[in-house]
Amino acid sequence: MSWLTTYVRPKIRNLLGKRDVPDNLWTQCESCSQMIFAADLHKNLNVCPHCGHHMRALVTDRLDWTFDAGSYTRIELPKAPVDPLGFRDQKRYTDRLKDQRAKTHLDESLVVAHGTITGHKAVVAVMAYEFLAGTMGAALGEGIVAAARLAVLQHAPLVVFTASGGARMQEGMISLMQMPRTTIAVQMVRDAGLPYVVVMTNPTTGGVTASFAMLGDIQIAEPNALIGFAGPRVIEQTVRETLPDGFQRSEFLQEHGMLDMVVARKDMRETLGRIIGLLGRQPVADAA
Amino acid sequence: MRQFLDFEKPVAELETKIDELRLLSAPPEGGARPAGEANSVQIGDEIAKLQEKADKQLRATYAKLTPWQKVQVARHAQRPHALDYIRTLITDYMPLAGDRSFANDEAVVGGIGRFEGRSVVVVGTERGSDLDTRLKHNFGMARPEGYRKAVRLVELAGRFGLPILSFVDTPGAFPGIDAEARGQAEAIARSIDACLAAPVPILATVIGEGGSGGAIALAAGDRVFMLEHAIYSVITPEACSSILWRDTSQATAAAEALRLTAQDLKHFRLVDEIVPEPLGGAHRDPAAAIRNVGQLLRQALPSLCQLDPSALRAQRREKYLAMGRLGS
Ligand SMILES: [Zn+2]
């Protein structure tokens with residue numbers, strides 16, 4: 001249990017306070033262009049009440065929606081090396097990180113928490129697209145490994161919500177090495193006989209898709225999420241063809257056998273709860 | 001015909017001169033020597049002097065290749081490719097084909113054979129070396145079928161206790177409509193998963209270009225070797241330049257920033273050993289490059305073969321978990 005005392009310092013969500021949604025703001029749906037009252041949109045889990053379009057969700061909202069009564073314990077994730085390459089493009093990587101931290105109030109592109117989902121114990125890792133497009137660097141890899149360890153320790157299933165633009169280029173090959181590292185995390189959960197459920201949200205691409213995001217015992221996606229390895233623009237440039245309608249969207253992947261189900265946000269908690277309940281270790285009948 | 005890279009121009013000029021002199025001193029077909037004996041000795045001296053100069057130039061150039069120059073060397077058309085390594089190092093080689101589900105992807109080659117008398121499974125990405133073979137192997141860009149073939153081979157190796165040698169040389173996984181529709185991401189993920197779970201040793205060698213996810217799919221091994229002038233990167237410098245600099249002309253800067261050389265990756269402890277290349281790069285003397293790889297594999301294999309499957313897997317996991325971790 002030693003790593004728990006070092007890594008896991010519980011932060012009670014309630015202390016942070018609920019996010020205040022200004023009730024006088026309007027948002028336009030990017031799909032049907034209808035105007036929506038911000039408070040209504042938030043009440044509707046960031047799903048357009050007119051057309052059902054699933055907009056992006058902040059990690060904090062995602063955790064609220066997933067755990068029973070919005071109650072959970074966040075764990076502090078192990079620190080990873082900061083800017084191991086000394087990377088600089090037009091801007092320093094360290095400055096980009098600083099900006100992102102200030103803007104999102106997050107340390108990195110992953111948040112891990114534990115609690116219950118319809119009464120079942122679960123560890124949930126949520127990728128934060130709002131943090132550098134949910135890109136995968138060493139911190140994300142460490143976080144997924146920590147989430148897997150916590151699941152094994154608590155003998156709880158692991159649920160991961162993915163959202164990623166792919167590799168964190170600024171970490172070079174250290175970013176690529178998160179593919180085997182997160183795969184090992186999945187193997188640890190698998191070896192412990194615990195369910196591993198992936199929920200893919202818009203968008204999930206690149207190295208994240210090609211590692212832990214596609215290795216779930218059960219694969220779920222939110223409606224119309226972009227899911228793929230290569231991004232649509234890269235494909236278009238390579239094959240010099242217009243991509244078919246709905247290409248690389250959740251429904252397309254389900255048709256092609258890559259997903260078990262496409263689940264609307266409002267049904268997510270209940271669906272996860274049922275899966276965990278059905279897959280959870282059944283009490284073994286006594287042989288005697 | 002030797003193909004020269006831009007930065008090899010001074011060497012190219014010297015070697016052209018040498019070739020001209022050689023032609024001059026050689027007797028024409030069926031005729032007598034155009035020059036006298038003394039003249040021929042003089043030409044011989046001149047050739048030796050120029051050769052020495054060319055070698056010196058080559059040594060100086062290759063001792064301080066920039067990352068971008070290494071990118072070009074790693075992609076050199078005359079560099080030995082996966083099948084060259086397999087044909088030279090593996091005896092009794094029997095290619096195996098197909099993913100048992102959809103097709104046989106020629107971008108991934110592999111089969112069974114012997115290395116140093118020991119039965120092994122080999123797998124690699126092959127780019128091809130002329131127009132026909134490049135098209136046949138899709139320039140080394142695999143589709144899901146390719147990675148699923150690799151999974152098959154890795155599992156076959158596991159069942160029969162055969163060590164796996166992999167040779168990685170790919171610009172990346174193929175970004176195509178068909179590849180995505182058939183689950184490119186899933187296929188790569190399964191391949192990484194299979195490599196990490198394998199109960200037998202996996203020795204991966206990046207022989208040319210280690211292109212991102214398409215490379216790690218076959219390179220999650222117990223030992224990862226890299227040729228001296230090979231590159232291994234999370235993204236091509238060209239793509240990185242267009243995304244981060246919003247300008248396709250910054251590939252040189254991107255190549256530097258990405259730290260994609262064997263020397264950098266050894267420094268970060270992401271690869272285990274660097275395989276020395278012959279003077280002027282593997283493309284100048286493919287046989288020597290292949291020999292050097294063979295020697296390293298020969299040294300590394302026996303001790304790994306003695307580990308039992310659970311110890312091997314545990315060691316492999318620890319190796320990857322330690323990568324890029326704080327304080328390691
Ligand atoms: Zn709408």
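Candidates B:Arg148, B:Arg143, B:Arg152: the one that is under 27 Å from A:Thr204 (Cβ atoms) and either touching a Ser or Thr at 6+ places or on another chain (Cβ under 9 Å) or among the small types (Gly, Ala, Ser) (or both) is B:Arg148.
Here's the yes/no breakdown for (1) in contact with a strand residue (DSSP E or B) (Cβ under 6 Å, 6 or more places away or on another chain); (2) farther than 30 Å from B:Ser249 by Cα; (3) buried (at least 21 other Cβ atoms within 10 Å of the Cβ):
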| residue | (1), (2), (3) |
| --- | --- |
| A:Leu106 | no, yes, no |
| A:Val112 | yes, yes, yes |
| A:Thr118 | no, yes, no |
| A:Val124 | yes, yes, yes |
| A:Ala133 | no, no, no |
| A:Thr162 | yes, yes, yes |
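Helices (runs of 4 or more DSSP H) fully within the stretch A:181-288 that include at least 1 residues being within 13 Å of another protein chain (Cβ to nearest Cβ): A:232-239, A:250-255. Considering only residues that are of a type outside the set (A, V, I, L, M, F, W, C), closer than 15 Å to A:Gln170 by Cα and buried (at least 20 other Cβ atoms within 10 Å of the Cβ), which ones fall in the stretch B:251-262? The one that is of a type outside the set (A, V, I, L, M, F, W, C), closer than 15 Å to A:Gln170 by Cα and buried (at least 20 other Cβ atoms within 10 Å of the Cβ): B:Arg259. When the stretch A:47-90 is filtered for residues that are without any contact (Cβ under 8 Å) to a residue 40 or more places away in the chain, surrounded by fewer than 17 Cβ atoms within 10 Å (Cβ to Cβ) and within 16 Å of the ligand (Cβ to nearest atom), the ones remaining, listed by number, are A:Pro49, A:His50, A:Cys51. Selection of the stretch B:36-82 for residues being in a helix (DSSP H, G or I), hydrophobic (A, V, I, L, M, F, W, C), under 30 Å from B:Leu24 (Cβ atoms) and in contact with a Ser or Thr (Cβ under 9 Å, 6 or more places away or on another chain) yields B:Ile43, B:Ile47. The one condition from (1) more than 16 Å from the ligand (Cβ to nearest atom); (2) away from chain B (no Cβ under 13 Å); (3) in contact with a Phe, Trp or Tyr (Cβ under 8 Å, 6 or more places away or on another chain) that A:Val112 does not meet is (3).
Taking the criterion of being more than 10 Å from the ligand (Cβ to nearest atom), closer than 20 Å to A:Ala264 by Cα and either at pLDDT 95 or above or surrounded by fewer than 11 Cβ atoms within 10 Å (Cβ to Cβ) (or both), no residue of the stretch A:21-40 qualifies.
For the stretch A:197-229, the set of residues classified as in contact with a Lys or Arg (Cβ under 9 Å, 6 or more places away or on another chain) and farther than 24 Å from A:Phe131 by Cα consists of A:Asp217 only.
Applying the criterion of being more than 10 Å from chain A (Cβ to nearest Cβ) and polar (S, T, N, Q) to the residues of the stretch B:196-236, the residue that is surrounded by the fewest Cβ atoms within 10 Å (Cβ to Cβ) is B:Thr236.
Considering only residues in the stretch B:286-328 that are farther than 28 Å from B:His81 by Cβ and polar (S, T, N, Q), the one that is nearest to the other protein chains (Cβ to nearest Cβ) turns out to be B:Ser328. Among the numbered conditions (1) under 15 Å from the mean Cα position of the chain (by Cα); (2) within 14 Å of chain B (Cβ to nearest Cβ), the only one that A:Met127 does not meet is (2).
The values are calculated or read from the model by the stated rules, or taken from the named source; none is laboratory data. Quantities reported herein were computed from a predicted structural model and do not represent experimental measurements. Cβ sites come from the backbone with ideal geometry, for glycine too, and all protein chains shown count toward neighbours.
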